[in-house]
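A short worksheet on the structure shown next.
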Amino acid sequence: MTPKPPPRSRGTVPPALDDHVRIVPLWLPAALVAPAPGIAAPAATQLTYRGGPVLTAVEVFTVFWGAGWSAAAQQSMLTALNAFFGFIVASPYVDQLSEYDPPGSHIGRGRFVGSASLTVPALGTNVTDTAIRQMLEQQLAGKTSFPPAGPNTVYFVFLPPGVTVAAGGDRSCQAFCGYHDRSSGGLYYAAVPYPNCAGCTGGFTVLDALTSVCSHELAEAITDPVPGQGWYDDANGEIGDICAWQNKKLGAYEVQLLWSNRAKACV
C-alpha cells in the first residue's frame with residue numbers, strides 16, 4: 001500500500017476514503033509470498049500518540065445487515081464471526097496493544113457484548129457509508145437490542161454477499177475491504193463488506209479473510225478510534241495499515257500482524 005497522508009478533518013461530512021486512512025486495502029498478488037512474523041516495515045516507521053481517545057476495554061457488538069444473512073450458509077458464517085470476536089477481544093492479540101497505553105490509562109482485554117441481525121431497512125446491491133451511520137443511529141434511538149454507545153463500544157457492521165459499500169469516492173472490492181471510523185454523533189464503528197472479490201479474500205477462505213480484516217480494524221479502532229488522533233504514523237498510517245495482509249494464526253483464527261514500536265516490526 002502506498003504511503004498515507006494525515007487524515008483530513010471531516011466534520012459532519014461522510015468520510016472520503018481516497019486518503020487510504022483506516023481502511024484494509026485490497027490484497028495484491030505479490031502478497032502470495034507471505035512475509036514471516038517479525039518482518040520489518042520501512043525504517044522510519046514509528047506510531048506516535050496524538051492525544052486523542054484510545055479504547056481501554058473494547059466492547060464489540062456485531063450487526064449483520066441484510067436479508068442475505070438469513071441463508072443457511074451465511075448463518076453459519078454469522079455464528080463463526082461472533083465466536084471469533086468472543087475469542088479475540090480477550091486474547092493475547094489485545095494484550096500486545098498495551099505497549100500503546102496512553103498516559104494514565106491501560107489498554108486491557110475487552111468483551112463481546114452481543115449481536116443483531118437486521119432486514120429493515122432493506123438493502124439493495126449498494127449501500128453508502130452515510131446509510132450505515134444512519135442505520136446505527138436509528139437503531140440506537142429506538143427500543144432495540146443494540147447496547148447504548150459507551151466510550152469503549154465499537155459496532156461492527158457486516159454486509160451480505162452481493163452488496164457493495166460506497167464511502168466517499170471509493171467502493172469495496174475496488175479500493176478497500178473494510179474500514180473503521182467515528183460518526184459525527186460520536187459512534188465508533190467498522191464496516192466489513194462481504195469479500196466478493198479475490199482482492200478481499202487474499203488467497204484465504206472467506207471466513208479467514210473476514211477474521212483477518214476484522215482483526216485489522218479492531219486493533220485500529222482500539223488504538224486510533226478517531227482516525228489520526230490516537231496512535232498514528234504520518235507516512236504509514238495506523239497500526240494495521242503498516243502490516244496489511246501479513247498474517248498469522250492465533251488459536252483457530254487467521255489474524256493480521258500489527259506494528260510494534262517496541263519490536264520495530266510487524267508481530
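The values are calculated or read from the model by the stated rules, or taken from the named source; none is laboratory data. Every value quoted in this text rests on a predicted model; they were computed, and no experiment measured them. Glycine also receives a Cβ, built like all others from the backbone with ideal geometry; neighbour counts cover every protein chain displayed. In case anyone asks, the SASA skips ligands and DNA or RNA and just uses the protein heavy atoms, side chains included. Shrake-Rupley method; radii C 1.70, N 1.55, O 1.52, S 1.80 Å.
Can you give me the number of residues within the range 174-204 that are open to solvent by less than 50 Å² (accessible area, probe 1.4 Å), touching a helix residue (DSSP H, G or I) at 6+ places or on another chain (Cβ under 7 Å), in a loop (DSSP other than H, G, I, E, B) and in contact (Cβ under 8 Å) with a residue 24 or more places away in the chain?
Within the range 174-204, residues that are open to solvent by less than 50 Å² (accessible area, probe 1.4 Å), touching a helix residue (DSSP H, G or I) at 6+ places or on another chain (Cβ under 7 Å), in a loop (DSSP other than H, G, I, E, B) and in contact (Cβ under 8 Å) with a residue 24 or more places away in the chain number 6.
Would you please name the residue that is modelled with the lowest pLDDT, looking only at residues in the range 176-214 that are under 18 Å from MET77 (Cα atoms), more than 14 Å from the chain's Cα centre (by Cα) and among the polar types (S, T, N, Q)?
ASN196
Cβ-Cβ below 8 Å, separation at least six or inter-chain, first residue in the range 205-234 and more than 16 Å from VAL58 (Cα to Cα), second assigned to a loop (DSSP other than H, G, I, E, B) and among the polar types (S, T, N, Q): which pairs?
Correct list of pairs: ALA209/THR201; ASP233/THR45; ASP233/GLN46.
Just give me the residues in the range 12-50 being part of a loop (DSSP other than H, G, I, E, B), open to solvent by 10 Å² or more (accessible area, probe 1.4 Å) and modelled with pLDDT of 95 or more, in sequence order.
The answer is GLN46, ARG50.
Run TYR253 past the list (1) hydroxyl-bearing (Ser, Thr, Tyr); (2) closer than 24 Å to PHE64 by Cα; (3) within 14 Å of the chain's Cα centre (by Cα) and report the number of the one that doesn't hold.
It is condition (3) that TYR253 fails.
Pick out, from the range 51-166, the helices (runs of 4 or more DSSP H) lying fully within it that include 3 or more residues that are in contact (Cβ under 8 Å) with a residue 60 or more places away in the chain and buried (at least 18 other Cβ atoms within 10 Å of the Cβ).
On the way: elements: 72-88, 92-95, 129-141.
Passing ranges, in order: 72-88, 129-141.
Mind counting the residues in the range 211-253 that are open to solvent by 20 Å² or more (accessible area, probe 1.4 Å) and assigned to a strand (DSSP E or B)?
6
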